[in-house]
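Visitor: The following block contains the structure, expressed as structure tokens.
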Amino acid sequence: MSDPRIREAMALLPDYLSQHVLIAMTALALGVLVSLPLAVLSLRRPVLRSALLGATSTVQTIPGLALLALFYPLLLALAGLSERLLGFGFSALGFLPALLALTLYSMLPVVRNTITGIEGVAPAILEAARGVGMSRRQSLLMVELPLALPVIMAGIRTASAWVIGTATLSTPIGQTSLGNYIFTGLQTQNWVFVLFGCVCAAALALVVDRLLTLVEQGLAERRRSRLVGGAVGLATLVAIALAPSFAAPARPGYVVGAKTFSEQYILAALIERRLAARGLPASRRDGLGSAVVFKALAEGDIDVYVDYSGTLWANQMGQRSVKPRAEVLAEVAQWVADRHGVRLIGGLGFENAYGLAMKAERAEALGIRTIADLARHAPTLTIAGDYEFFGRPEWAALEQAYGLAFRSRRQMQAEFMYTAAAAGEVDVISAFTSDGRIARHKLRVLADPRQALPPYDAILLVSPKRTGDAALLAALRPLVGAIDVERMRRANLKASTGETPATVARWLDGQLGR
């Protein structure tokens, strides 16, 4: 295993796999415990049965990532209410929202197959059961459920596959899973990580399906060896998931957050290295959604992360006007402190600004150097943005300031936009100015003469509970003003070639010195 990507993937496997098994098996067990009684209860109640099937079917129409994300603000509100009324709260990030969403996702196949299996029992068999004096409950427990068991178990097996697959999407809400490989790999074009995560998730689903099949065969055929084998196998998976919790006592440590793109993974790994160098235990929660990460910091679910002044200015503060860079930074620092108790330590020394970029050759041919020039040609051009760009206030500000009206808009993974622009598949992209792929793919960032976009200084933020932590602050302060944009571009370029965030962070740390 000379490839460092494989070594890092293997090193992360115990944590990622155990966390994935824990959330998936807990959600599956909870889903079965809820679904089976509800399905049985609805058998002779047509209105309840229709409502139950309708509700569980509707859940399946909601994209998995959206369902997972929707639980975070709901639980955050409940946690705040609990804090005010009862004097204690709970974490709305990670395990709990993932558990609730995955439990809902598991219910449809179990409910549907339970109802179908029991209703499929031949009327003659039910008549025979009544003929020997069985009550309705006895008939259900001793005749109908055993005969329906193969169909019910097929539903549970389907639910297990759905839950294990969907659990990979829980990374953006802070739940560690095998999806961490996939999200990190996609953002850094580390296809070893992507493949590794997919293969591990598929293998886990196959193993769980086989173990459930053994349990089904053991129950249906009264073969104790198969029943015990399946049960022991499932218990072993749960033990694997719980082992890290008991292997060593939990240490108080710092949690470093990161959003869902490569620069954030690199900076989070750099902060983790700096903390470790001072003997401060730290872990990372990578791939948090933009709408989640600041709230997670304000609530103390993470301790430190890097954000951008323009992002907070436009999205959190709701500002539409643009002020000079120093004023924006000062007002952001004041706002996060006054409204959320968050401390802004300082800027890292570079901007990662949103900008519109084109292939330089194409822009030159059309005579486009600014966004104002672009507006004249926009009706004949196609623009691509990352998943959130067209929903952000910055895009609305650009449209309003320049009257942009493109022929078509496309959304895609941020890492693929650069190659799409270079290949001529799209004409304009929403680029990030600290990304080294702008130069690599010979793109031109268009000037913003009307200053529709705010400045985007990379800034270090610390949660309210850590604002007075002298050790943490001492570790972070040397990073203030230490990273210029050229270093960050080189780091991002390294990540785009498949180097792992940890490897790039080690290189960047060496560039900065102490």
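Visitor: How high is the relative contact order of the range 351-504, given as a whole-number percent (alpha carbon pairs under 8 Å, six or more residues apart)?
Guide: 33 percent
Visitor: Which of Lys295/Lys323; Lys259/Lys359; Lys259/Lys494 have a Cα-Cα distance over 29 Å?
Guide: none
Visitor: Using the Kirkwood radius over C-alpha pairs as Rh, can you work out the diffusion coefficient of the chain via Stokes-Einstein at 4 °C, viscosity 1.567 mPa s, in µm² per second?
Guide: 51 µm²/s
Visitor: Let me ask something else. Could you please tell me the mean projected area of the C-alpha convex hull for the range 332-459, averaged over all directions and given in square nanometres to one decimal?
Guide: Averaged projected area of the range 332-459's Cα convex hull equals 8.4 nm².
Visitor: In deg cm²/dmol, rounded to 500, what helix-only [θ] at 222 nm does the chain give when every DSSP H run of at least 4 residues adds -39500 (n - 2.57) and the total is split over its residues? Don't skip to the end; give the middle numbers.
Guide: Values: 21 runs with 311 residues, N = 514.
Counting only the DSSP helices, I get -20000 deg cm²/dmol.
Visitor: Ranked from highest to lowest mean number of other Cβ atoms within 10 Å per residue, what is the order of the peptides 200-210, 41-51?
Guide: Details: 200-210: 17.2, 41-51: 12.5.
The most tightly packed comes first, giving 200-210, 41-51.
Visitor: Local charge sum around Lys465 (other residues, Cβ-Cβ under 12 Å, Lys/Arg +1, Asp/Glu -1)? Walk me through the numbers on the way to the answer.
Guide: Details: positive: Arg343, Arg466; negative: Glu299, Asp301, Asp303, Asp469.
In short, -2.
Visitor: If I take every Cα pair under 8 Å that is 6 or more residues apart in the range 90-216, average their sequence separation and divide by the length, what percent do I get for the relative contact order?
Guide: Over the range 90-216, the number comes to 29 percent.
Visitor: What is the sum of charges, Lys and Arg at +1 and Asp and Glu at -1, for the other residues whose Cβ falls under 14 Å from the Cβ of Ala491?
Guide: So the environment of Ala491 carries a net charge of +2.
Visitor: Run the accessible area of the range 1-127 with a 1.4 Å probe and give the carbon-and-sulfur part as a rounded percent. Numbers along the way, then the final one.
Guide: Values: 4470 of 6150 Å².
About 73 percent, which is the carbon plus sulfur part of the accessible surface.
Visitor: Would you mind getting the accessible area per residue of the range 434-514, heavy atoms of the protein chains only, 1.4 Å probe, in Å²?
Guide: Result: 41 Å² of accessible area for each residue.
Visitor: Can you tell me the order of 105-116, 145-156 when each peptide is scored by its average per-residue count of other Cβ atoms within 10 angstrom, highest first?
Guide: 105-116, 145-156
Visitor: How high is the relative contact order of the chain, given as a whole-number percent (alpha carbon pairs under 8 Å, six or more residues apart)?
Guide: Working: 860 pairs, mean separation 81.2, N = 514.
Computed over the chain, the figure is 16 percent.
Visitor: Going by a ≥ b ≥ c, the root eigenvalues of the Cα gyration tensor, does the range 136-254 fall in the rounded group (a/c under 1.5), the prolate group (a/b larger than b/c) or the oblate group?
Guide: Numbers: a/c = 2.55, a/b = 1.94, b/c = 1.31.
Here the range 136-254 falls in the prolate category.
Visitor: Here's a follow-up. Run the quick spin-label model on Ala202 and Glu327: label points 7 Å from Cα toward the beta carbon, then report their separation in nm to one decimal.
Guide: Once both label points are built, they end up 5.6 nm from each other.
Visitor: Short version: ³J(HN,Hα) in whole Hz for each residue of the range 270-280, in order, from phi by Karplus 6.51 cos²θ - 1.76 cosθ + 1.60 (θ = phi - 60°), x for Gly and Pro, what are they?
Guide: Per-residue couplings from phi come out as 5, 4, 4, 4, 5, 5, 4, 4, 9, x, 9 Hz.
Visitor: Taking a ≥ b ≥ c as the square roots of the eigenvalues of the Cα gyration tensor of the range 374-432, is the shape rounded (a/c under 1.5), prolate (a/b larger than b/c) or oblate?
Guide: Oblate is the answer for the range 374-432, as a/c is 1.5 or above yet b/c matches or exceeds a/b.
Visitor: Same structure again: Residue-wise, which Karplus ³J(HN,Hα) couplings in Hz belong to the range 428-438, taking 6.51 cos²θ - 1.76 cosθ + 1.60, θ = phi - 60°, and x for glycine or proline?
Guide: Karplus-based 3J(HN,Hα) across the range 428-438 equals 9, 10, 8, 8, 10, 5, 8, 8, x, 6, 4 Hz.
Visitor: When only alpha-carbon atoms are used, what values of Rg and Dmax, in angstrom, describe the range 112-177?
Guide: 17.9, 57
Visitor: All other residues with a Cβ under 15 Å from the Cβ of Met25 taken together, and with Lys, Arg as +1 and Asp, Glu as -1, what is their net charge? Show your work: numbers first, answer last.
Guide: On the way: positive: Arg157, Arg210; negative: Asp209.
That works out to +1.
Visitor: Here's something else I'd like to know. Would you kindly derive the ³J(HN,Hα) couplings of the range 471-486 from the backbone phi angles with the Karplus curve 6.51 cos²θ - 1.76 cosθ + 1.60 (θ = phi - 60°), listing them in order in whole Hz, with x for Gly and Pro?
Guide: Running phi through 6.51 cos²θ - 1.76 cosθ + 1.60 with θ = phi - 60° gives 5, 5, 5, 5, 6, 8, 4, x, 7, 5, x, 8, 10, 7, 5, 5 Hz.
The values are calculated or read from the model by the stated rules, or taken from the named source; none is laboratory data. Being a predicted model, the structure only gives us computed values, none of them experimental. Virtual Cβ from ideal backbone geometry, glycine too; neighbours counted across all protein chains shown. The accessibility values were calculated without ligands, DNA or RNA, using every heavy atom of the protein model including side chains. Shrake-Rupley method; radii C 1.70, N 1.55, O 1.52, S 1.80 Å.
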